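Please read the structure below before turning to the comments.
Nothing in this text is a laboratory measurement; each read-out follows from the coordinates by a stated rule. This one's a predicted model, so the numbers in the text were calculated from it and none came from an experiment. Cβ atoms come from the backbone with ideal geometry, glycine included; neighbour counts cover every protein chain shown.
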Amino acid sequence: MDGIHDTGGMTGYGPVPYQKDEPFFHYEWEGRTLSILTWMHLKGMSWWDKSRFFRESMGNENYVNEIRNSYYTHWLSAAERILVADKIITEEERKHRVQEILEGRYTDRNPSRKFDPAEIEKAIERLHEPHSLALPGAEPSFSLGDKVKVKNMNPLGHTRCPKYVRNKIGEIVTSHGCQIYPESSSAGLGDDPRPLYTVAFSAQELWGDDGNGKDVVCVDLWEPYLISA
């Protein structure tokens, strides 16, 4: 979908704030939020493309307001809505728990709960296991050096094709084999591996005469986004 999350190549949003020696988490709840999403991924309740789709579908006003407070508000919102959408909790239960927290009435229902250190170590090991992203799939239709044009499209669902490269011509500079296709994965349709390429665009192709003639922008794009130029 096209939304506020896809701001590449756009102006008017001001500088990107930079904080020297910025901590990994600004608040304790941010670390907990990351842990929740990671746990959901390990349990197969969510995955990166699915959680991205739920973050992108927050609505423009909510997206902007929440990211001004903390990046992890997006992650927390996605986790809550995934749990409701998959009927793990109800919307009424979610609202009730939020209200309890806001009013300071929430208490841990299981304060004696303990986590098995061995299970924690096992989960960490899984996250750090080296693995190839390439999967079996169709032979790539394009080769290095081929000129390709990005389709002019406006998909309703999740996509990894940014608006500023659509209808633009670039050159295949790397072929990554077949990898998980985000459009299918985000919709719960499985990995659906498709050929993935790195495509190089001149800055002037993207932004006309205002682009620096020496600059090149490289974007990873799946084959269904592309046609021969």
Most exposed first, judged by fewest Cβ atoms within 10 angstrom, 39, 75 run 39, 75
Applying the gyration tensor rule to the Cα atoms of the chain (axes a ≥ b ≥ c; rounded if a/c under 1.5, else prolate if a/b exceeds b/c, else oblate), the class is prolate
The residues 74, 128, sorted from fewest to most surrounding Cβ atoms within 10 Å, come out as 128, 74
Between the Cα axis of helix 91-102 and the main Cα principal axis of the chain, the angle (0 to 90°, nearest 10) is 70 degrees
For the range 77-184, inverting the pair-averaged 1/r of distinct alpha-carbon atoms gives a Kirkwood value in Å of 19.6 Å
Eigenvalues of the alpha-carbon gyration tensor of the range 147-228, times 5 and square-rooted, give semi-axes in Å, largest first, of 25, 14, 9
Note to self: Kirkwood Rh of the range 28-128, Cα pairs, one decimal, Å, is 15.1 Å
With DSSP loop assignment and no more than 14 other C-beta atoms within 10 Å, the GluC sites (Glu not before Pro) in the range 1-106 are 103
Counting only DSSP loop positions in the range 1-73, the trypsin sites (Lys or Arg not before Pro) whose Cβ has at most 12 other Cβ atoms within 10 Å are 20, 43
Number of Lys pairs in the chain closer than 28 Å at Cα, excluding neighbours under 8 places apart unless interchain, is 27
